[in-house]
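Trainee: One structure is given below, represented as structure tokens, and several questions about it will come after.
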Amino acid sequence: MSEKVKVVIIGSGPAGLTAAIYTARADLSPIVIEGEPSSTTDQPGGQLMLTSDIENYPGFVEGIMGPELMSNFRSQAQRFGAIFNTTKVSRVDFSEHPFKVWTSNQTGEEPAYIADAVIISTGARSLLLNIDRETELIGHGISTCATCDGFFFRDQDIAVVGGGDSALEEAGFLTKFAKSVTVIHRRNELRASKIMQDRAFANPKISFIWDSTVTELHGDKSLEHITVTNNITGENTELPVTGLFVAIGHSPNTDLFKGQIDMDDVGYIITNSGTATNIPGVFACGDVQDHIYRQAITAAGSGCMAAIDLEKWLKESES
Ligand code: NAP
């Protein structure tokens, strides 16, 4: 039988858990559908579960480990009465109010929850190369976030994969720390904007390997070198780098909501006036609606906004 609830929060990264803290403290007893551990890169807590030291989250002078930070967020939400369901949402129906939410651990055909309001905080994922040892070495030389991890590569030789604006932006940022940055691109022409290209070509610390793909990662406990294969000649080269930043794009986790919520042409949820979506009573926060900032602190901030927007909407719709 369906459970009638005020708020369902889908996703448990910094955005979802902050929304949970705020809605719980507003006495809305939110249900947080936090996901379930299904692979190294897909688990409750979101992308910070893949990060080691976090040194730029305000309030932690000595830094904090990503999983510890998320565990603290979760405990804080629980303390105020948020209820966690460790499962995934399998289907939603936002076509009429109240909203219907099905989960993968439910029994029967009825929706698991009938909710007055929903917060979507399913995040985004960095695209990966899908090569051996890649997920195992995340946090040990492999990274998808220069802003988060660049600092750890001071005076080291590192590489960036990708030919878009993100790759060149990360490469430029990384030259503040690294001894050298090699950009490895699969074609001989960059996708990035002209201004980013000009900046990268003018930076003496940045060099390029064209028409090439990273095919192997080597190192015992952390990355020591990589194999780069030329896509035209098939020739393999060993590159001694201790850091590899994968910057080949992101993908928002929005498949569940396709056809029900307005999205931009790459699938990010469109929010207006704060965190409202096109459906009154459905809000979105964090990376699922932000392809620009993508930081834990900005996601947490927008989770707070979603909770406040939701509370206001509930009050107005009840009056
Ligand atoms: P993107 O523009 O889609 O570029 C992705 C790059 O990764 C492309 O060069 C692509 O190669 C390469 N790539 C994709 N899959 C690959 C794979 N499996 N192996 C190796 N290489 C692979 O993504 P983005 O750079 O993240 O940018 C996303 C959007 O944000 C863009 O609109 C961009 O302009 C914008 N952005 C803007 C700024 C800025 O203005 N400061 C900064 C960052 C991002 P191909 O070129 O061969 O397809």
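Trainee: Report yes if LEU137 is under 20 Å from the mean Cα position of the chain (by Cα) and within 11 Å of the ligand (Cβ to nearest atom), otherwise no. Show your work before the answer.
Mentor: On the way: under 20 Å from the mean Cα position of the chain (by Cα): yes; within 11 Å of the ligand (Cβ to nearest atom): no.
So LEU137 fails the test.
Trainee: Could you look through the range 247-272, keep only residues that are within 16 Å of the ligand (Cβ to nearest atom) and of a type in the set (Ser, Thr, Tyr), and pick out the one that is most open to solvent (accessible area, probe 1.4 Å)?
Mentor: In this case the residue turns out to be SER251.
Trainee: Just wondering, is there one or more residues in the range 221-236 that are in contact with a helix residue (DSSP H, G or I) (Cβ under 7 Å, 6 or more places away or on another chain), assigned to a strand (DSSP E or B), open to solvent by less than 60 Å² (accessible area, probe 1.4 Å) and more than 10 Å from the ligand (Cβ to nearest atom)?
Mentor: Keep residues of the range 221-236 that are in contact with a helix residue (DSSP H, G or I) (Cβ under 7 Å, 6 or more places away or on another chain), which gives none.
No: zero hits.
Trainee: Filter the range 145-192 down to residues that are outside any helix (DSSP H, G or I), open to solvent by 70 Å² or more (accessible area, probe 1.4 Å) and more than 14 Å from the ligand (Cβ to nearest atom) and give me whichever is nearest to GLY234 (Cα to Cα). If you could, list the steps in order and put the result at the bottom.
Mentor: At the first step, the residues of the range 145-192 found to be outside any helix (DSSP H, G or I) are 145, 154-164, 175-192.
After this cut, where a residue has to be open to solvent by 70 Å² or more (accessible area, probe 1.4 Å) as well, the list is 154-155, 176, 179, 186-189, 191.
From the residues that got through so far, the ones that are more than 14 Å from the ligand (Cβ to nearest atom) too are 154-155, 176, 179.
Numbers: ARG154: 32, ASP155: 31, LYS176: 33, LYS179: 28 Å.
That would be LYS179.
Trainee: Now, a different point. With the condition kept exactly as written, say whether any residue in the range 67-90 is touching a strand residue (DSSP E or B) at 6+ places or on another chain (Cβ under 8 Å), over 21 Å from THR18 (Cα atoms) and not in a loop (DSSP other than H, G, I, E, B).
Mentor: yes
The values are calculated or read from the model by the stated rules, or taken from the named source; none is laboratory data. Here the structure is a predicted model, which means the values were calculated and not measured. Positions of Cβ are generated from backbone atoms using ideal geometry, with glycine treated the same way; all protein chains shown enter the neighbour counts. These area figures cover heavy atoms from the full protein model, side chains too; ligands, DNA and RNA do not enter into them. Shrake-Rupley method; radii C 1.70, N 1.55, O 1.52, S 1.80 Å.
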